[in-house]
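Here the structure is laid out as structure tokens; the discussion comes afterwards.
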Amino acid sequence: MNALSVLAGEILAPAGLLVLVPLLAAALLAFLADPRLAGWLNALAATLTFALACALPFQPGPSQPGAGVLLVEPLSATLALLTAFTGMATAWFCRAGIPAGEGYVPRAWPTLFQACLGFLLLALLADNLALAWGALEAATLATVLVVGLPGTETAVGAAWKMFLLCGVGLLLAFFGITALHLAAGQGADLPTLSWTALTDAAPRLQPAMLSLAFVFLLLGWGTLAALAPLHAWLPDAHARGPAPVTAVLSGAMLNVALLALLRLRRVVAANAGAIAPGPPLLALGLAGLLVAALGLWRWKERGGNDGHRLLAYATLALSAVAAFAIGLGSAGALLGALLQMATQTLAGTAAFFCLARPADSRGWRLTLAAALLALAALPPSGLFAAEFLVFGATLPAAPGLALPLGLGLLAVAAALTCRAADLCLAPSQPCLLYTSDPADEGL
């Protein structure tokens, strides 16, 4: 009876309603045949979700570690607020619908969008690893279906590619969660997979099994965070899906995976006998910067005007920097990672919206140029401050990595600045909501 009362209290709290509203809206939208009414309901539900997210800082936490289903901490609340804002902006932007592609079902878009939004928020706020894994799996499936909505051969191919690669990542994460459960049972006798309980009991976890769990979870969540060389699904998903879902991809799903990696690093780093979590994350971060820089330069060499794929490479670079900062683990680096994720969410969403407008609109071109320059981390962009914090934290902690990090950041910034000029000054193009280039240019 006490457990039921705790669960009921969490459902009626802002965090519980924040997850419940979009899931209920998805169920309702599935039965609406009128696209106009569905668009309005989708926008209103997303607005209510954002209003509930604004109340998260005022929700009290659980009385003891692991006592609640949802975990509302400053970091998860901030990312949930960003995700809800991105969802609200996307819903209003697509209130009148999105252009119909071959095989497109009008009412499928708002239903899948609300389902994806609700499960992403649940994955951000869930205190239990198994619940977070299930929510992230459901959000991935919904996103895969949205990527394939245009119905073209390339869109369906991109959806299958995302399904297979992210599915493998989720399977590896499942093995990692199982190993983490065994490490908790053997070392600390924990009957729960609560993040808060695991963090408190981290020094007592079984080191060998904890190290194995870290390897599996790094590969699994690294795939969903699009960390090189596990990133191959993201460029095609960006390029072939509708612009609104790519905004959600860059602004929400990657943040969920990066938050999970940050929490995992805290647990593993607190155990003296386990593997050091920093070096693998640092290596993946530097590799991601290299892949992003090469992708940005190859974008011009192939003569492409695919703005979606351009933003995909920018997203890869920013995710790599955040992973590098998490690998460092210092307060300044983590502050830079949070600022990086927040600014990238806002600037990336604005850039994707601009690509969904007719390219001959001068105002939208100027906005697109401003968003791309912000993503290039040029001052006074928040990304410039974020990368400055990360680079400043690297100098004392890992001076040998400061040079490759700095060169990678400069290469990405220079390439993205040049590509922004190429894209924004190109001859007028039709609406870029869907891309039509059949070539697979992904790295």
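Bear in mind these aren't lab numbers, they're just calculated from the coordinates by the rules spelled out. All figures in this text were calculated on a predicted structure; none of them were measured in a lab. Note that each Cβ is placed from the backbone with ideal geometry, even for glycine, and that neighbours are counted across all protein chains shown.
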**Request:** Would you mind computing, in nm to one decimal, how far apart the modelled labels at R204 and A276 are, each placed 7 Å from Cα along Cα→Cβ?
**Result:** 2.8
**Item:** Sites A421 and L24, calculated FRET efficiency, Cβ-Cβ separation with R0 51 Å, nearest 0.05
**Value:** 0.65
**Request:** Collect residues whose amide H, placed 1.01 Å from N in the peptide plane, falls under 5 Å from the amide H of A228; neighbours closer than 5 in sequence don't count.
**Result:** G288
**Asked** Hey, what did the range 334-420 get for relative contact order, percent, Cα under 8 Å, at least 6 apart?
**Response** 33
**Message:** Show me the three semi-axes of the equivalent ellipsoid for the range 111-222, from the C-alpha gyration tensor (sqrt of 5 times each eigenvalue), largest first, rounded to whole Å.
**Reply:** 32, 15, 7
**Prompt:** Short version: ³J(HN,Hα) in whole Hz for each residue of the range 113-126, in order, from phi by Karplus 6.51 cos²θ - 1.76 cosθ + 1.60 (θ = phi - 60°), x for Gly and Pro, what are they?
**Reply:** 5, 5, 5, 4, 4, x, 6, 5, 5, 5, 5, 5, 9, 5
**Message:** I need the phi-derived Karplus couplings for the range 334-347: 6.51 cos²θ - 1.76 cosθ + 1.60, θ = phi - 60°, integer Hz, Gly and Pro marked x.
**Reply:** 5, 5, x, 5, 5, 5, 4, 5, 5, 5, 5, 4, 6, 5
**Request:** Can you tell me how much longer the chain between L410 and L366 gets when fully stretched, taken as 0.36 nm per residue apart minus their C-alpha distance, in nm with one decimal?
**Result:** 13.5 nm
**Request:** Work out, step by step, the length gained on full extension between L294 and A96: first 0.36 nm times the residue separation, then minus their alpha carbon distance; give nm to one decimal.
**Result:** 67.5 nm
**Message:** Under 5 Å between amide hydrogens, which residues at least 5 positions from L70 or on another chain qualify, with H placed 1.01 Å from N in the peptide plane?
**Reply:** D127
